[in-house]
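A quick write-up on the structure given underneath.
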Amino acid sequence: MKTLMLLLVAVSFAPQAHAASEEAANTAWLVLASVLVFFMQAGFALLESGMSRAKNAVNVMMKNYMDCCVGGIVFWLIGFGLMFGANVTGWFGMSHFALNDGEPWDYTFLLFQMMFAATAATIASGAMAERTRYGAYLIGAVLISGVIYPIFGSWVWGGLYGGQGWLAKLGFIDFAGSTVVHSIGAWCALAGILVLGPRLGRFAPDGKARLIPGHNLGLVALGGFILWVGWFGFNAGSNLQVSSSLGLIALNTHLAAVAGALGALLAQRSTASPVLLTTTVNGSIGGLVGITAGCASMAPGFALLSGLVAGFVVVYGMRLLDRLQLDDVVGAIPVHGFAGIWGTLAAGLFYQGDLFNWERVAVQALGAAAAFLWAFPVALVFYFLLAKTIGLRVSTQHEQRGLDFAEHAEVGYPEFNSTQTFDSEQWSRRG
C-alpha cells in the first residue's frame, strides 16, 4: 500500500517535473543563443574597423563596444516595453518597462532581445564611419535601440503580454528579423550618411567614386567568420525553445551564407571586376540577412537560392550607392537593407507548402515598405537636428587627422603615429 501511494505521488508530480525540465532546457538554449548574438558585436567591430583606415580603428571599435552598453540600458528601460509589452492598439506596447519583477522566462527573453537591439544599432556604425562625432553617434544609437527599432518590432513580434502587432495580424513573416532588425538598422544608416555627406576625397569632382581601402583585411575576414558563427544563435535562437526544427533553421542559415559568398563572386566576375575579399565577405553576410526572415519556413534548396540572389543584390547595391554618391564605408545599406528586402520577399515566395502565394508576398512587401517609411524619416529628422545643434560631422581637420586622436586621444597603431603626442592640454584644445 505504501509503495502504491509513493507511485501515485510520483505520477502526479511527473508532469510538473517534465515542464520544469523543459523550461530549464529552453532557458539554457536561449542563454547560449544570447551569448552567440552578443559575440556578433565582436564580428561587427572587427569587420568595420578592418574596412576603415588605421587612423579611425579605435573610434570604430569604441562605437561597437558602446552600442551594447547604452543600447542595452535604454532597451531595458524603454525598448522592451514598447516592443513586447501589452499591445492593445497593435502599434506599440504599454507595459513591462524597466522590467525588475518578472517570471524567470521574462528575464531570459529580455536578455535575448537585448542583443538584437544592439545589432540593429550597430548597423549604422559602419556606414557612418570615419566622419561622425562620437557623442552624436551614441545619441543616435539610443534612439534606434530605444524607440525606432522597438516600435517597428512591436508591429511584427509584439504582444507577448497581450495584444498583437498590426503587421502580425496580416500574416507578415519575419522569423528572426530580416526587416525588423536588419532593414531597420540599414534605413537609419541611410539617413545618417545622407545628413553626413561622403568622406573627404571619396568622390571626384566629376562624381566618379574613388576607392578608400580599409587598413586590415585580415580583421574583415575574421569578423565575417564571427558574424557567421553568431548568426546560428541569431536565427536558431529565435525559435525560443529546444525542438527538432533547430536543425533545419541552422542548415538554411549556413546554406544561405555560402551561397551569398558565391553570388557575390559571380556578380563580380560577371562584370570583369576583381574578386575582392571585402565584397565576398559582404556577400555571405547578405546571404545571412536574406535567410533570416524565412529560415524556419523554407526548404533548403530555396534557402540556397535566397542566399545566392542576396549575394548579387549586395554587389549591385554597392555599385548603385557609388553612382548616387552615397558613401557607405562598409556596405551596410546593401547588405542589411537591400538584402533584407529581398529576404523578406523570399520568405513569402518560398514559404514551404504554399509556394508563390502572391497575397502573402504582397503582405511581405507591405511590411518591408512600412519599415522604410517608419525608420528612414524618423532617423533623417533626428540626425538633421543633431547636425544643426550639437553637430554630427567632425571638422575637416579632425577627419584628416583621424578620429582616434581627435575623439579619443589615442590611436590603435601608435608605432605608425610617432609624431602624435597626447598630453591632456593639447587634447583639450583639439577643437
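The values are calculated or read from the model by the stated rules, or taken from the named source; none is laboratory data. Treat the numbers as computed from the prediction; the structure is a model and nothing was measured. Because the Cβ atoms are built from the backbone with ideal geometry, glycine has one as well, and the counts that use them run over all protein chains shown. Protein only, heavy atoms only, side chains kept; ligands, DNA and RNA dropped before computing areas. Shrake-Rupley method; radii C 1.70, N 1.55, O 1.52, S 1.80 Å.
Remarks
- In this structure HIS215 has an accessible area near 60 Å², from a 1.4 Å probe over the protein heavy atoms.
- Working from label points 7 Å from Cα in the Cα-to-Cβ sense, the ASN100 to ALA28 distance is 3.3 nm.
- 1.4 Å probe accessible area per residue over the chain, in Å²: 41 Å²
- Unsatisfied cross-links (Cα-Cα over 28 Å) in the set LYS63/LYS208; LYS63/LYS169; LYS55/LYS208: LYS63/LYS208; LYS63/LYS169
- Sorting CYS68, CYS188 by solvent-accessible area of protein heavy atoms yields CYS68, CYS188, largest first, with a 1.4 Å probe.
- Farthest positive-ward along the chain dipole, Cα basis, beta-carbon charges - from PHE203, ALA168, ASN26: PHE203
- Semi-axis lengths, Å, the stretch 79-183, gyration tensor of Cα atoms, sqrt of 5 times eigenvalues: 25, 16, 12
- Accessible-area composition of the chain, carbon plus sulfur, in percent [1.4 Å probe]: 69 percent
- Computed about the Cα centre, the dipole magnitude for the chain is approximately 900 debye when only Lys and Arg (+1) and Asp and Glu (-1) carry charge, each at its Cβ.
- Calculated mean residue ellipticity at 222 nm for the chain: -21500 deg cm²/dmol, from DSSP H runs with n ≥ 4 weighted as -39500 (n - 2.57), summed, divided by the residue count and rounded to 500.
- With eigenvalues of the C-alpha gyration tensor scaled by 5 and rooted, the stretch 245-402, Å: 31, 21, 13
- Relative to the longest principal axis of the Cα atoms of the chain, the long axis of helix 246-270 makes an angle of roughly 30 degrees.
- Angle of helix 104-127 to the longest C-alpha principal axis of the chain, folded into 0 to 90 degrees and rounded to 10: 20°.
- For the chain, leaving out every one of the trypsin sites (Lys or Arg not before Pro) that falls in a DSSP loop and has at most 14 other Cβ atoms within 10 Å, the longest unbroken run is 211-428.
- Extension reserve of the VAL229-LYS208 stretch, reckoned as 0.36 nm per residue once the Cα distance is removed: 3.9 nm
- The chain: relative contact order as a whole-number percent, Cα under 8 Å and 6+ apart: 22 percent
- Degrees separating the helix 217-237 axis from the principal Cα axis of the chain, which is the longest one: 20 degrees
- When the alpha carbon gyration tensor of the stretch 27-389 is reduced to an equivalent ellipsoid, its three semi-axes come out at 29, 24, 19 angstrom, largest first.
- Filtered chymotrypsin sites (Phe, Trp or Tyr not before Pro), the stretch 309-405: DSSP coil and at most 15 other beta carbons within 10 Å: PHE356
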